[in-house]
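Okay, so here's the structure we're looking at.
Read the figures in this text as sums done on the coordinates, not as results from a lab. The structure presented is a predicted model; accordingly, all values stated were derived computationally and were not measured. Cβ: placed from backbone, ideal geometry, glycine included. Neighbour counts: every protein chain shown.
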Amino acid sequence: MSRGNLPSRTRLAEVSGKQRFRKLPARVADNLTLRAFRLAQLGYTFYMQVLTESEASRFLLENGFAEKLTHLDRDTSRTEFTTDVGRRCAYANMLTNHLVTDEKTIACLDITDWAVWPSSQNMDLFYSYRRYLGEPRLLIEAHFHVFTAAEANEFRNILHLGLISLFDVAGVSTTTDFRFYASHDEYIDVSWYEGADWRPTMEWFFAP
């Protein structure tokens with residue numbers, strides 16, 4: 001596709017809710033990732049996909065993620081407890097960097113519980129940001145988020161809002177074995193096993 005055939009940034013924003021890869025290919029095909037990456041290089045943006053329950057089930061099965069967006073095994077994970085909002089902001093940045101590892105990454109966030117601590121949440125803020133990204137539905141209708149590498153900032157922002165709101169949220173990607181699970185009970189589990197290449201950059205995560 002030549003640059004002359006690309007729609008304007010304004011036009012991309014206008015159609016994002018209707019034509020933003022609404023029908024995902026069977027494996028979130030490589031050409032989708034490559035096209036999004038090339039568009040990002042040219043200064044254009046396609047926004048996240050948010051899948052329904054049935055769409056998410058198919059996506060998980062086809063990408064081998066069925067058992068990865070759940071509570072982590074205690075033998076292959078470490079846990080951090082924190083109520084500090086500032087630390088949770090830092091965690092959102094760190095978790096994003098460990099999941100979005102290169103330009104081919106497809107990263108997922110699954111928000112599975114969002115109503116345990118209503119006094120700690122600002123759902124209007126959360127839904128306003130999703131609408132800004134072209135997603136008008138409620139979490140109960142669609143709570144499984146899919147991002148390309150070009151959308152790392154959007155991934156981080158949704159994750160940040162989820163962490164400070166004490167949502168149950170899990171994250172995984174196609175380019176690393178790293179994953180995490182954050183609970184409304186104020187703990188965050190991350191993958192942790194001997195030889196994992198992210199361990200040296202994560203020691204601070206567990207510092208007192």
- Task: Tell me which of these Asp197 doesn't satisfy, since it passes every other one: (1) closer than 16 Å to Thr101 by Cα; (2) surrounded by 12 or more Cβ atoms within 10 Å (Cβ to Cβ).
- Result: (2)
- Item | The listed residue being of a type in the set (A, V, I, L, M, F, W, C) and outside any loop (DSSP other than H, G, I, E, B), out of Val169, Val116 | Val169
- Item | Matching residues, the stretch 56-85, being hydroxyl-bearing (Ser, Thr, Tyr) and either touching an Asp or Glu at 6+ places or on another chain (Cβ under 9 Å) or in a loop (DSSP other than H, G, I, E, B) (or both) | Thr70, Ser77, Thr79, Thr82, Thr83
- So, in the stretch 110-148, of the ones that are without any contact (Cβ under 8 Å) to a residue 40 or more places away in the chain and either closer than 19 Å to Thr176 by Cβ or among the polar types (S, T, N, Q) (or both), which residue ends up surrounded by the most Cβ atoms within 10 Å (Cβ to Cβ)? Ser128
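Out of the residues in the stretch 72-109 that are acidic (Asp, Glu), touching a helix residue (DSSP H, G or I) at 6+ places or on another chain (Cβ under 7 Å) and farther than 14 Å from Ile188 by Cα, which is surrounded by the fewest Cβ atoms within 10 Å (Cβ to Cβ)?
Asp102
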- Evaluation of Ala170 against (1) surrounded by 18 or more Cβ atoms within 10 Å (Cβ to Cβ); (2) within 19 Å of Glu53 (Cα to Cα); (3) free of Cβ contacts under 8 Å to residues at least 60 places away in the same chain (one fails), failing number: (3)
- Task: Might you check whether a residue that is of a type outside the set (Asp, Glu), in contact (Cβ under 8 Å) with a residue 24 or more places away in the chain and assigned to a helix (DSSP H, G or I) occurs anywhere in the stretch 173-188?
- Result: no
- Check on Glu151, in a loop (DSSP other than H, G, I, E, B), out of contact with any His (no Cβ under 8 Å at 6 or more places or on another chain), among the acidic types (Asp, Glu) and in contact (Cβ under 8 Å) with a residue 12 or more places away in the chain: no
